[in-house]
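Have a look at the structure below before the remarks.
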Amino acid sequence: MKTPSNAFPAVPEEIHGSVLDAPVSAADVADLLDSRVVIAGAREADTGYLRTLLQLSGFTEIDTAHSPEALMLALRHAIVDDVCDIDLVLIDSSMPELSVRELRLTMDQFDEWRLIPIISLTPESQWDHAQVLTDLGYGVTSLLYRPLTAESLPPAIMTALAVKKERDYTYQRQLQLEDELANLKVMEARLQFSVSHDDLTGLANRRRLEQSLEQSLTQARNFNVSSALFYIDLDSFKVLNDAEGHEAGDSLLVQVANSLRRFFSVKDTLVRIGSDEFAVLVNDVSKAKAEQLAEDLHNLFDGYSFSYHGHLYHLSASIGIKLIIADELSTAGEVLSHANQACFTAKKRGRNRVHLYSPQDREMHALRHSVEWAPRIRMALKQENFILEFQPIHAVSSGEINHYECLIRMRDDEGTLYYPSEFIPVAESMGLIHQIDLWVVDRAFELMRTVPDRISLAVNLSGNIFLDNSLYPLVQRKLQETGVNPARMVFEITETSAISNFEQSKKMVIGLRELGCRFALDDFGAGFNSYSYLKYFPVDILKIDGAFITDLESDPVDQLLVKSMIDIAHSLGKETVAEFVERQSTMDLLHEYGVDYIQGYLIGKPQPQVPESN
């Protein structure tokens, strides 16, 4: 019995070339002798003679058919699980009711019979060129002329069966490859969908929104087509989430997503931004129509009810609007930020309302924030109240910790310690980030004078520092003063920062690398075109975005993406670092994927000093 073709058996190594190219073994001959052969002929004496010849040659599975009906019945009964158990048909010309042409046409209509070879026996003992062309033209494997002997018939049968075996394996391999290709296409489609869509609601995600915003900005600039971005934040969502649990919150978010789908057009871009925040981009809309649409949307959510386990909750939404018009030259990030600020203003003014963004709202918010933080930052620079902490980075291959990332902190006069998220945004908006970057670089070089030569430090840089002409001379001078091996200094820049000033960043990176310093691209994978920029951005190390690491064990998509990042980085001669590793199981999985370095609380938290020994 043969293996069904749809079972996709493992293909022997020899058929990757050709079965016929490999040496024929006793097992191969025995396998061919076990093949099932059907002899079709009108005269029993002739079929009996042929059967005897084959049996003497070692064939055991031989059937005979003395009419076209009997032959077709034998073919039909031989089909089991979509595979025909017959390996060869030997048809005698003494059966005039069924020509070779008719038989071949019938068998070619069915996949189960299409690969079965046919040998035609002719009564003529002399060469008939016309008969040869006719029979071979209709798919006959070979022609045999009488008289038939034990020396001529079995070899022809064996050759035809060997050819069929080759064709069967080729057909199986073709089906196997088609199935693998189909699976890869499905996987690719799923990955592409997950990259641009939210897992819970199926709406587009922020990455997709930024692409759509870029298109809307282009239309506004070039064709004076205005658009509007609606930023929707559910009021009191946390109350439901805390009272009923995350499952109830997820159920509400799915319900809200479906309500938005019904409310807006299929042409509009619906996005889930965050936990309970949604955004909708509507193109080709005037200010008046956008405001009316926002009011209608507000009415939809005013008194919005949600029932869960017998409890009825009434919710509302705060809605911010940002108009995209030709007179305002903005970026996609600015549009989204302004819409978010408008929504924040709506919440601050009592929630359950609509607010249209205006520059005055942004300026007031920025002023309040700057009044609080800008003096603290200036004083910290003046009094050197910034300090560095160092987080260890574990080298997977050696098991040693010879690398540390420098993390900046700010301390006020009362000793309170502040983390970067609290003062870095203000420093960037107030133009103070350059001074902080230069302070960190200077301090890191001075520190490397005192630590063992095996220790390397990684320093984070903002994107705007590459526009500052002071960075390169400072690094060059510190290298000369300290005599530090430049390879011990690793500068880190986030993918977003590198992209925002791509050409300037690339030029500065090339210059610093020529001094011998190394570069790491932080948060790799967070951008939509990560691989595209990697092709042109000269870095030595890729730090995989922590969002792909935190749920690595439970998220198959994250596993595929992380493994892909590591493989591509290594193929380009770059090392990889995985951040936010907090569990041993995560570290084991990353070790299996071949990551070079591990960083996270599992390895160690930031500490005020660099140990002189591990």
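The values are calculated or read from the model by the stated rules, or taken from the named source; none is laboratory data. None of the values given here were measured: they were computed from a predicted structure. FYI the Cβ positions are ideal-geometry reconstructions off the backbone, even for glycines, and counts take in every protein chain you see.
For this structure, a couple of remarks:
- Any hit, segment 403-426, residues being among the acidic types (Asp, Glu), over 30 Å from Leu602 (Cβ atoms) and at pLDDT 85 or above: no
- Residue check for Val280: within 30 Å of Ile499 (Cβ to Cβ) and at pLDDT 95 or above: yes
- Any hit, segment 489-508, residues being under 26 Å from Gln383 (Cα atoms), surrounded by fewer than 15 Cβ atoms within 10 Å (Cβ to Cβ) and not hydroxyl-bearing (Ser, Thr, Tyr): no
- Here segment 68-97 is the region considered, the condition is being over 22 Å from Leu153 (Cα atoms) and in a loop (DSSP other than H, G, I, E, B), and the residue that is modelled with the highest pLDDT is Ala78.
- For segment 348-368, filtered to residues that are surrounded by fewer than 17 Cβ atoms within 10 Å (Cβ to Cβ) and under 25 Å from His314 (Cα atoms), the residue that is modelled with the lowest pLDDT is Lys348.
- Test: Val577 is in contact with a Pro (Cβ under 6 Å, 6 or more places away or on another chain) and outside any loop (DSSP other than H, G, I, E, B): no
- Asn258 satisfies every condition listed in (1) within 28 Å of the chain's Cα centre (by Cα); (2) in a strand (DSSP E or B) except (2).
- Unique residue being without any contact (Cβ under 8 Å) to a residue 24 or more places away in the chain, part of a loop (DSSP other than H, G, I, E, B) and not hydroxyl-bearing (Ser, Thr, Tyr) when the list is Asp588, Asp551, Asp558: Asp551
- Breaking point among (1) crowded, with 18+ Cβ neighbours inside 10 Å; (2) over 29 Å from Arg206 (Cα atoms); (3) in contact (Cβ under 8 Å) with a residue 40 or more places away in the chain, for Phe524: (2)
- Residue match in segment 329-336 (condition: without any contact (Cβ under 8 Å) to a residue 24 or more places away in the chain and assigned by TED's automatic domain parsing to the domain that holds Gly249): yes
- Qualifying residue in segment 215-223 (condition: in a helix (DSSP H, G or I) and among the charged types (D, E, K, R)): yes
- Residues within segment 525-559 that are among the aromatic types (Phe, Trp, Tyr) and modelled with pLDDT of 85 or more, tallied: 1
- Inspection of segment 450-466 identifies no residue that is surrounded by fewer than 17 Cβ atoms within 10 Å (Cβ to Cβ) and part of a helix (DSSP H, G or I).
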